1. Scanning for something within 30 Å of A:Ala95 (Cβ to Cβ) and more than 7 Å from chain A (Cβ to nearest Cβ), does segment B:2-17 turn up at least one residue?
2. Within segment A:82-114, how many residues turn out to be surrounded by fewer than 13 Cβ atoms within 10 Å (Cβ to Cβ), at pLDDT 80 or above and not hydrophobic (A, V, I, L, M, F, W, C)?
3. Quick test for you: out of A:Val23, A:Val17, pick the one residue that is among the β-branched types (Val, Ile, Thr), out of contact with any Leu (no Cβ under 6 Å at 6 or more places or on another chain) and buried (at least 20 other Cβ atoms within 10 Å of the Cβ).
4. Is one or more of the residues making up segment A:74-81 over 25 Å from B:Val23 (Cβ atoms) and in contact with an Asp or Glu (Cβ under 9 Å, 6 or more places away or on another chain)?
5. Out of everything in segment A:52-81 that is within 7 Å of chain B (Cβ to nearest Cβ) and buried (at least 19 other Cβ atoms within 10 Å of the Cβ), what residue ends up being farthest from B:Tyr16 (Cα to Cα)?
6. What number of residues in segment B:60-92 are surrounded by 15 or more Cβ atoms within 10 Å (Cβ to Cβ) and touching a residue at least 24 places away in the same chain (Cβ under 8 Å)?
7. Would you point out which residue out of A:Leu69, A:Leu75 is in a loop (DSSP other than H, G, I, E, B) and not β-branched (Val, Ile, Thr)?
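The values are calculated or read from the model by the stated rules, or taken from the named source; none is laboratory data. Predicted model only: the values in this text are computed from it and were never measured. No Cβ is skipped: glycine too gets one built from the backbone with ideal geometry, and neighbour counts run over all protein chains shown.
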Amino acid sequence: MTPIPGWVEVVVAALLVSSGVFVLISAIGLLRLPDFFLRMHPPALAYTFGSWCVALAGILYFSVRESRLALHPWLIVIFLSMTVPVTTVLLARVALFRRRAAGSADTPPPLSPGREAPTEV
Amino acid sequence: MSIWISSAAAFAVGCYALASVLVLVRLIKGPRAQDRVFALDLLYFHALLVLLVLGIRHENDTYFEAALLIALFGFVSSSAMAKFILRGEVIE
(Lines give C-alpha, C1' and ligand atoms only; values in the text may rest on other atoms or scores of the structure.)
Protein backbone atom coordinates (compact mmCIF):
# COMPACT_ATOMS: atom_id res chain seq x y z
CA MET A 1 0.00 0.00 0.00
CA THR A 2 2.11 2.87 -1.28
CA PRO A 3 1.00 6.52 -1.26
CA ILE A 4 -0.18 7.60 -4.68
CA PRO A 5 1.85 10.37 -6.41
CA GLY A 6 0.06 13.47 -7.60
CA TRP A 7 0.45 12.96 -11.33
CA VAL A 8 -1.17 9.53 -11.13
CA GLU A 9 -4.17 11.06 -9.39
CA VAL A 10 -4.47 13.72 -12.07
CA VAL A 11 -4.20 11.18 -14.91
CA VAL A 12 -6.73 8.82 -13.33
CA ALA A 13 -9.13 11.73 -12.74
CA ALA A 14 -8.76 12.93 -16.34
CA LEU A 15 -9.42 9.42 -17.69
CA LEU A 16 -12.55 9.05 -15.55
CA VAL A 17 -13.88 12.46 -16.61
CA SER A 18 -13.26 11.78 -20.31
CA SER A 19 -14.99 8.41 -20.04
CA GLY A 20 -18.06 10.08 -18.53
CA VAL A 21 -18.12 12.73 -21.27
CA PHE A 22 -17.85 10.12 -24.05
CA VAL A 23 -20.67 8.02 -22.59
CA LEU A 24 -22.87 11.11 -22.28
CA ILE A 25 -22.19 12.14 -25.90
CA SER A 26 -23.04 8.66 -27.13
CA ALA A 27 -26.31 8.63 -25.18
CA ILE A 28 -27.29 12.01 -26.64
CA GLY A 29 -26.55 10.64 -30.11
CA LEU A 30 -28.63 7.52 -29.44
CA LEU A 31 -31.54 9.70 -28.39
CA ARG A 32 -31.42 12.29 -31.16
CA LEU A 33 -30.50 10.51 -34.41
CA PRO A 34 -33.49 9.79 -36.63
CA ASP A 35 -32.95 6.24 -37.95
CA PHE A 36 -32.04 2.88 -36.38
CA PHE A 37 -28.98 2.32 -38.57
CA LEU A 38 -27.77 5.83 -37.72
CA ARG A 39 -28.45 5.20 -34.05
CA MET A 40 -26.19 2.14 -34.04
CA HIS A 41 -23.11 4.35 -34.47
CA PRO A 42 -22.88 6.60 -31.37
CA PRO A 43 -22.80 3.73 -28.80
CA ALA A 44 -19.57 2.55 -30.41
CA LEU A 45 -18.05 5.71 -28.92
CA ALA A 46 -19.12 4.56 -25.46
CA TYR A 47 -18.12 0.93 -26.05
CA THR A 48 -14.59 1.84 -27.14
CA PHE A 49 -13.54 5.12 -25.53
CA GLY A 50 -15.71 4.76 -22.43
CA SER A 51 -14.51 1.29 -21.49
CA TRP A 52 -10.88 1.89 -22.50
CA CYS A 53 -10.62 5.08 -20.41
CA VAL A 54 -12.07 3.41 -17.31
CA ALA A 55 -9.93 0.30 -17.77
CA LEU A 56 -6.73 2.34 -18.19
CA ALA A 57 -7.60 4.38 -15.11
CA GLY A 58 -8.15 1.18 -13.13
CA ILE A 59 -4.91 -0.40 -14.36
CA LEU A 60 -2.90 2.71 -13.49
CA TYR A 61 -4.54 3.24 -10.12
CA PHE A 62 -4.36 -0.33 -8.84
CA SER A 63 -0.83 -0.84 -10.22
CA VAL A 64 0.52 2.21 -8.38
CA ARG A 65 -1.44 1.51 -5.22
CA GLU A 66 -0.37 -2.12 -4.86
CA SER A 67 3.14 -1.65 -6.39
CA ARG A 68 2.58 -4.47 -8.88
CA LEU A 69 1.17 -4.78 -12.37
CA ALA A 70 -2.61 -5.11 -11.96
CA LEU A 71 -3.98 -5.87 -15.41
CA HIS A 72 -7.36 -7.29 -14.45
CA PRO A 73 -9.51 -4.30 -15.60
CA TRP A 74 -8.20 -5.05 -19.07
CA LEU A 75 -10.21 -8.30 -19.05
CA ILE A 76 -13.41 -6.26 -19.31
CA VAL A 77 -12.15 -4.49 -22.44
CA ILE A 78 -11.06 -7.77 -24.04
CA PHE A 79 -14.42 -9.36 -23.26
CA LEU A 80 -16.35 -6.36 -24.59
CA SER A 81 -14.28 -6.28 -27.78
CA MET A 82 -15.39 -9.87 -28.43
CA THR A 83 -19.07 -9.59 -27.48
CA VAL A 84 -20.09 -6.12 -28.65
CA PRO A 85 -19.53 -6.77 -32.40
CA VAL A 86 -21.56 -9.99 -32.16
CA THR A 87 -24.50 -8.19 -30.56
CA THR A 88 -24.26 -5.25 -32.95
CA VAL A 89 -24.16 -7.39 -36.10
CA LEU A 90 -27.06 -9.51 -34.83
CA LEU A 91 -29.17 -6.41 -34.19
CA ALA A 92 -28.27 -4.93 -37.58
CA ARG A 93 -29.44 -8.17 -39.22
CA VAL A 94 -32.60 -8.02 -37.13
CA ALA A 95 -33.34 -4.49 -38.32
CA LEU A 96 -32.65 -5.40 -41.96
CA PHE A 97 -34.82 -8.54 -41.72
CA ARG A 98 -37.74 -6.73 -40.14
CA ARG A 99 -37.59 -3.84 -42.60
CA ARG A 100 -37.64 -6.22 -45.55
CA ALA A 101 -40.51 -8.13 -43.97
CA ALA A 102 -42.41 -4.89 -43.48
CA GLY A 103 -41.61 -3.77 -47.02
CA SER A 104 -40.01 -0.43 -46.17
CA ALA A 105 -39.14 1.57 -49.25
CA ASP A 106 -35.62 2.66 -48.24
CA THR A 107 -34.29 -0.82 -47.42
CA PRO A 108 -31.39 -1.99 -49.58
CA PRO A 109 -32.06 -5.17 -51.59
CA PRO A 110 -30.23 -8.39 -50.62
CA LEU A 111 -26.85 -8.96 -52.29
CA SER A 112 -27.50 -12.56 -53.30
CA PRO A 113 -31.16 -13.18 -54.08
CA GLY A 114 -32.72 -16.35 -52.73
CA ARG A 115 -30.39 -16.84 -49.77
CA GLU A 116 -32.41 -14.96 -47.19
CA ALA A 117 -35.92 -16.09 -46.44
CA PRO A 118 -38.16 -12.99 -46.40
CA THR A 119 -36.93 -11.33 -49.60
CA GLU A 120 -40.12 -11.94 -51.58
CA VAL A 121 -42.39 -10.40 -48.97
CA MET B 1 -8.55 8.95 -1.30
CA SER B 2 -7.62 12.21 -2.93
CA ILE B 3 -10.05 14.94 -3.83
CA TRP B 4 -9.06 14.61 -7.51
CA ILE B 5 -10.09 11.00 -7.88
CA SER B 6 -13.21 11.21 -5.72
CA SER B 7 -14.58 14.25 -7.53
CA ALA B 8 -13.74 12.78 -10.94
CA ALA B 9 -15.47 9.52 -9.97
CA ALA B 10 -18.52 11.47 -8.82
CA PHE B 11 -18.58 13.37 -12.12
CA ALA B 12 -18.24 10.15 -14.14
CA VAL B 13 -21.01 8.38 -12.23
CA GLY B 14 -23.23 11.44 -12.67
CA CYS B 15 -22.55 11.38 -16.43
CA TYR B 16 -23.42 7.66 -16.54
CA ALA B 17 -26.65 8.32 -14.65
CA LEU B 18 -27.66 11.10 -17.03
CA ALA B 19 -26.74 8.95 -20.03
CA SER B 20 -28.77 6.07 -18.60
CA VAL B 21 -31.80 8.34 -18.33
CA LEU B 22 -31.39 9.37 -21.99
CA VAL B 23 -31.04 5.71 -23.05
CA LEU B 24 -34.10 4.86 -20.95
CA VAL B 25 -36.08 7.48 -22.88
CA ARG B 26 -35.01 5.74 -26.09
CA LEU B 27 -35.98 2.37 -24.60
CA ILE B 28 -39.49 3.60 -23.77
CA LYS B 29 -39.94 5.64 -26.94
CA GLY B 30 -38.11 3.34 -29.39
CA PRO B 31 -40.30 2.82 -32.43
CA ARG B 32 -39.49 -0.87 -32.95
CA ALA B 33 -38.21 -3.79 -30.91
CA GLN B 34 -34.60 -3.60 -32.12
CA ASP B 35 -34.29 -0.07 -30.71
CA ARG B 36 -35.40 -1.37 -27.34
CA VAL B 37 -32.98 -4.32 -27.34
CA PHE B 38 -30.12 -2.03 -28.31
CA ALA B 39 -31.01 0.46 -25.55
CA LEU B 40 -31.18 -2.36 -22.99
CA ASP B 41 -27.73 -3.58 -24.05
CA LEU B 42 -26.40 -0.06 -23.56
CA LEU B 43 -27.99 0.10 -20.10
CA TYR B 44 -26.12 -3.06 -19.13
CA PHE B 45 -22.92 -1.40 -20.33
CA HIS B 46 -23.59 1.70 -18.23
CA ALA B 47 -24.09 -0.45 -15.12
CA LEU B 48 -20.75 -2.13 -15.85
CA LEU B 49 -18.99 1.23 -16.09
CA VAL B 50 -20.59 2.44 -12.85
CA LEU B 51 -19.29 -0.65 -11.04
CA LEU B 52 -15.77 -0.18 -12.45
CA VAL B 53 -15.66 3.48 -11.38
CA LEU B 54 -17.00 2.62 -7.92
CA GLY B 55 -14.27 -0.02 -7.63
CA ILE B 56 -11.66 2.69 -8.19
CA ARG B 57 -13.48 5.11 -5.90
CA HIS B 58 -13.70 2.70 -2.95
CA GLU B 59 -10.31 1.03 -3.62
CA ASN B 60 -11.96 -2.37 -3.74
CA ASP B 61 -11.33 -5.20 -6.20
CA THR B 62 -14.62 -6.99 -5.57
CA TYR B 63 -16.57 -4.61 -7.80
CA PHE B 64 -14.55 -5.93 -10.73
CA GLU B 65 -16.05 -9.42 -10.59
CA ALA B 66 -19.55 -7.98 -10.50
CA ALA B 67 -18.73 -5.87 -13.56
CA LEU B 68 -17.48 -8.95 -15.41
CA LEU B 69 -20.69 -10.82 -14.56
CA ILE B 70 -22.81 -7.91 -15.80
CA ALA B 71 -20.87 -7.89 -19.07
CA LEU B 72 -21.52 -11.63 -19.46
CA PHE B 73 -25.24 -11.40 -18.69
CA GLY B 74 -25.65 -8.37 -20.95
CA PHE B 75 -24.13 -10.23 -23.88
CA VAL B 76 -26.19 -13.37 -23.31
CA SER B 77 -29.49 -11.55 -22.83
CA SER B 78 -29.18 -9.14 -25.73
CA SER B 79 -27.99 -11.80 -28.18
CA ALA B 80 -30.82 -14.10 -27.07
CA MET B 81 -33.35 -11.31 -27.57
CA ALA B 82 -31.92 -10.46 -30.98
CA LYS B 83 -32.13 -14.13 -31.98
CA PHE B 84 -35.70 -14.27 -30.76
CA ILE B 85 -36.72 -11.24 -32.79
CA LEU B 86 -34.93 -12.61 -35.84
CA ARG B 87 -36.31 -16.15 -35.84
CA GLY B 88 -39.14 -16.32 -33.34
CA GLU B 89 -37.30 -18.76 -31.10
CA VAL B 90 -34.00 -18.69 -29.22
CA ILE B 91 -32.70 -22.21 -29.93
CA GLU B 92 -33.71 -23.82 -33.19
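1. First pass over segment B:2-17, keeping only residues within 30 Å of A:Ala95 (Cβ to Cβ): B:15-17.
Right, trim to more than 7 Å from chain A (Cβ to nearest Cβ) and you get B:17.
Yes - at least one qualifying residue is present in segment B:2-17.
2. Here the count works out to 1.
3. Of the residues listed, the single one that is among the β-branched types (Val, Ile, Thr), out of contact with any Leu (no Cβ under 6 Å at 6 or more places or on another chain) and buried (at least 20 other Cβ atoms within 10 Å of the Cβ) is A:Val23.
4. The answer is no, given that none of the residues of segment A:74-81 is over 25 Å from B:Val23 (Cβ atoms) and in contact with an Asp or Glu (Cβ under 9 Å, 6 or more places away or on another chain).
5. Among those residues, the one meeting the criterion is A:Tyr61.
6. So the count comes out to 8.
7. Answer to the check: A:Leu69.
Matching residues to (1) part of a helix (DSSP H, G or I); (2) within 12 Å of the chain's Cα centre (by Cα):
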| residue | (1), (2) |
| --- | --- |
| B:Arg26 | yes, no |
| B:Gln34 | yes, no |
| B:Ala47 | yes, yes |
| B:Val53 | yes, no |
| B:Asn60 | no, no |
| B:Glu65 | yes, no |
| B:Ile70 | yes, yes |
| B:Ile85 | yes, no |
